[in-house]
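The values are calculated or read from the model by the stated rules, or taken from the named source; none is laboratory data. Quick caveat, the model's predicted, so the values are computed rather than measured. Because the Cβ atoms are built from the backbone with ideal geometry, glycine has one as well, and the counts that use them run over all protein chains shown. For accessibility, only protein heavy atoms count, side chains too; no ligands or nucleic acids. Shrake-Rupley method; radii C 1.70, N 1.55, O 1.52, S 1.80 Å.
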Amino acid sequence: YFSDEVFTQANEFADIAFGLKVSDAELAFINKMNSTSKSFDIVFFDTNNYPTNKVSEFANENSSLFNKYSFNAISVESESVAKKILSQIKNAEITFEDALTEYSKNYYTTNDGVLKNKYEYQIKATLANESDFDKLANLSIDSLSDVIKTGTGYTIYKCVAEVEPTNVNNETTINDVLDYMKINEMGRIEDYYKAEADKFIADAKATSFDKACNKFGLTKESV
């Protein structure tokens, strides 16, 4: 009886008052849901296309962040071990290179002791006390730092080359600066594109959407 109660409908043979009721307007309503009510033309501003001259501008304003340093380093777990190693090196009981091979945990270096991250901002990020960077920046070639507390363990640094000042004409440097900005200065990139979008809007109102697309080199998308 369940199927009769729920699904039976009126037909030419019987005028049935029970069963599933279906509105005559339901199908028309469903079909109408599938029709277009509004459409839009859209343009997208890709933050990955942030102009090189803007990256250079930021690099020039913050040049110290992207000075490049060349250090080898010995990193160990405890301060006492680090101080003992430094004393042995200074007393010519062991060479820096041998101490590196024998003791270093290579927390921030390659297996041969070369510091992986060379930019100033990267090195500062590994130090427990950022102010200790001044001790490293003032090292002359082949000189050793004191024992420096780092985020992991304790480290002895050896300067192996002069600092390379920020070079905004170097493509690799510019790409590295852009990567930095995407992580630490995304608001600056977004502000630039907000201003560009405002310019686009003004131009589209003064001319047309299509002409503004051509002027700004953007592809129109329709939805």
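Going by accessible area, probe 1.4 Å, with all protein chains left in place, what is the ranking of GLU102, GLU79, largest first?
GLU102, GLU79
Report summary: the helix-based calculation at 222 nm, which adds -39500 (n - 2.57) for every DSSP H run with n ≥ 4 and divides by the residues of the chain, gives -13000 deg cm²/dmol.
Could you work out the relative contact order of the chain? I mean the mean sequence separation of Cα pairs under 8 Å and 6+ apart, divided by the number of residues, in percent. Worked out over the chain, it gives 25 percent. Legend: P(r) of the chain from all alpha carbon pair distances, 5 Å bins from 0, whole percents, reading 1, 6, 10, 10, 9, 8, 6, 6, 5, 5, 5, 5, 5, 4, 4, 3, 3, 3, 2, 1, 0, 0, 0. Packing order of peptides 41-51, 163-173, highest average first: 163-173, 41-51 (average count of other Cβ atoms within 10 Å over each peptide's residues). Estimated from the Cβ-Cβ distance and a Förster radius of 25 angstrom, the FRET efficiency linking ASN214 and THR47 is about 0.70. Computed with a 1.4 Å probe over protein heavy atoms only, the accessible surface of the stretch 91-186 comes to 57 Å² per residue. Estimated at the nearest 10 Å², the accessible area of ASP191 is 110 Å² with a 1.4 Å probe. Per-residue SASA remark: CYS159, around 10 Å² accessible (1.4 Å probe; ligands, DNA and RNA not included). Distances between every pair of Cα atoms in the stretch 119-223, grouped in 10 Å steps from 0 to the bin holding the largest one, split as 12, 25, 24, 15, 11, 12, 2 percent. Comparing mean-square fluctuations of ALA92, ALA28, ALA212 from a GNM of the chain with C-alpha springs under 10 Å, the top value falls on ALA28. Computed over protein heavy atoms with a 1.4 Å probe, the accessible surface of the stretch 28-85 works out to 65 Å² per residue.
When the solvent-accessible area of the chain is split by element, carbon and sulfur atoms take up 48 percent of it, the probe being 1.4 Å.
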